Amino acid sequence: MAGVGFRLRRLMQRDDLLGIAKGFFYSAWVTAGPWILTILVLFMIIVVSGVAGYQTIAEFRLIIIYNFAFSLAFTGPVFMVVTRYLADLVFRANEVRKDGSRSTDAVPGMLLGSLVVVFLLQFPFVGWFYLWYVDLESSVRVAAMVNYFLVACLWVVAVYLTALKAYNVISWTFLLGLIASFGLARVFASSYSLAGMLMGFSIGLALIMFALIAYVFSEYRADARNLFGFVRYFRRYWELALAGLFYNLAIWVDKWLMWLLAPEREMIIPGMPSYSDYDAAMFLAYLSIIPGLAMFVISVETGFFLKYLRFYRDISEHVSLARIRKNLSGIISSLSSGMRSMIVLQGCIVVVLLLLSPKLYELIGFSYSQIGMFRYGVLGAFFHVLLVMQFIILAYFDFRRLSMLLQLLFLVTNALFTLVSLNMGFPFYGAGYFASTLLTFVVTYYLSVRYIDDLPYRTFIWDNLSIKRVPPVIPIERGARH
């Protein structure tokens, strides 16, 4: 992501407003693609409302929400491990093997293999859910399953585009594909109702997926071989897999609990409970995260990355301890400055949204009863974006286990506090998410500071493989049995 940030930074340094606008547009798509895609899907359903009845629109919206939620959650372990494996391949890209190949020649096969793994791992659950558990027409069951796997595959394919720093390809492909999705959904809705809407929307997603796969193959021109070479990384980097699962579950767990337990929940499709007012309020609140994420990629991460490289490059060149400590101070200063900038930016956005929320809801035609949930969501999103920054920084230093435990904390607290807010009544809906992000951020920030302050010790002692492999010398008294 830092590589993408440097390219976007150069784009924004052009002496015109168009460069700045393009930089923020691309960074928004690259950093918040899944969220933007999900939210656009939910809000642009209004486009097809004129050619389908209310019940059909509600069922379509519900199936799309379920597919995006569960596909993102259960694909998380795969794309986290795939990201690490791909990063290692790119790091060794200049190495030439005995047969003349390079490490990145494994990318085409790895892409196909990761899609197969996603399909095989999730098919039992998806098949059981749509073919047996829920009550739908046969054509709708098939269309819903096709849509689910297209969405799941898109999360994985996007990893490879990020490695190529293809921010423009990602942005425009998703945008054009979404336009095609809604155009086809509108056309098919009048003749084939719900199944037609799902298939029309899925055709647009398929265009996105195959276009992105074709671009990856055009950049990595090698035969597709060793499809499942990355699977061994699940054993080596199991913390990453669990972190991906915990984090994506944490994002959705409050919605799932509201679907199951809120008195205002709906059962539009038998077996698929929902609470559309809560979903809409939270998804709209999530949009406030986009400027902060864009700023992080363009400014904060790129500045930190330079200090990060200098710290480890100087260590490899055996510089003095004073120089190492000076570099560490540069890392801390960069992170502190970046944190302040993001707090100021997100703080301004939060204040504006809290004050203008009645006017905003009047403009978009939503119910005023959602304003309380929206305000809690905006406050939670403020700490959520800061939390994302901390998780990314921890990933740079390879604090995998700490990151996994903190994301588990996010999951547990979001579930627990949401249950508490449910018991407190309607005025506190959404407060659980806010309290969870606040607490998790405070804990994450405190532990991140402690770990980074101890970075020289962890680099030379704690993470030093040469020391770990040397068995400790245990003094044995004369005459003692061995």
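Taken together, the values in this text are just the output of simple stated rules run on the coordinates, not laboratory data. Bear in mind the structure is a predicted one, so any value in this text is a computation, not a measurement. Glycine gets a Cβ as well: all are built from the backbone with ideal geometry, and neighbour counts include every protein chain shown.
Does segment 219-228 contain any residue that is of a type in the set (Gly, Ala, Ser), in a helix (DSSP H, G or I) and either closer than 30 Å to residue 90 by Cβ or touching a helix residue (DSSP H, G or I) at 6+ places or on another chain (Cβ under 9 Å) (or both)?
The answer is no, given that none of the residues of segment 219-228 is of a type in the set (Gly, Ala, Ser), in a helix (DSSP H, G or I) and either closer than 30 Å to residue 90 by Cβ or touching a helix residue (DSSP H, G or I) at 6+ places or on another chain (Cβ under 9 Å) (or both).
Using the structure shown, decide if residue 258 is in contact with a strand residue (DSSP E or B) (Cβ under 6 Å, 6 or more places away or on another chain) and either over 23 Å from residue 374 (Cβ atoms) or in a helix (DSSP H, G or I) (or both).
Numbers: in contact with a strand residue (DSSP E or B) (Cβ under 6 Å, 6 or more places away or on another chain): no; either over 23 Å from residue 374 (Cβ atoms) or in a helix (DSSP H, G or I) (or both): yes.
In short, no.
Does any residue in segment 248-271 that is at positive phi come within less than 9 Å, Cβ to Cβ, of a residue that is crowded, with 18+ Cβ neighbours inside 10 Å and not aliphatic (A, V, I, L, M) six or more places away or on a different chain, and which pairs are these?
271/129
Can you name the number of the only condition in (1) assigned to a helix (DSSP H, G or I); (2) surrounded by fewer than 22 Cβ atoms within 10 Å (Cβ to Cβ); (3) more than 20 Å from the chain's Cα centre (by Cα) that residue 194 fails?
(2)
How many residues are under 24 Å from residue 245 (Cβ atoms) and assigned to a loop (DSSP other than H, G, I, E, B) when one looks only at segment 104-143?
Result for segment 104-143: 1.
When you go through 297, 319 one by one, which is the residue that is outside any helix (DSSP H, G or I) and β-branched (Val, Ile, Thr)?
Answer to the check: 319.
Please count how many residues of segment 300-323 are within 16 Å of residue 459 (Cα to Cα) and either surrounded by 18 or more Cβ atoms within 10 Å (Cβ to Cβ) or not hydrophobic (A, V, I, L, M, F, W, C) (or both).
Total meeting the criteria: 12.
Identify the residue in segment 202-232 that is more than 30 Å from residue 142 (Cα to Cα) and surrounded by 18 or more Cβ atoms within 10 Å (Cβ to Cβ) and, among all such residues, is farthest from the chain's Cα centre (by Cα).
220
May I ask you to list pairs of residues, at least six apart or on different chains, whose Cβ atoms are under 7 Å apart, with the first in segment 196-211 being of a type outside the set (Ser, Thr, Tyr) and the second being not in a helix (DSSP H, G or I)?
Every condition considered, the pairs that remain are 197/52.
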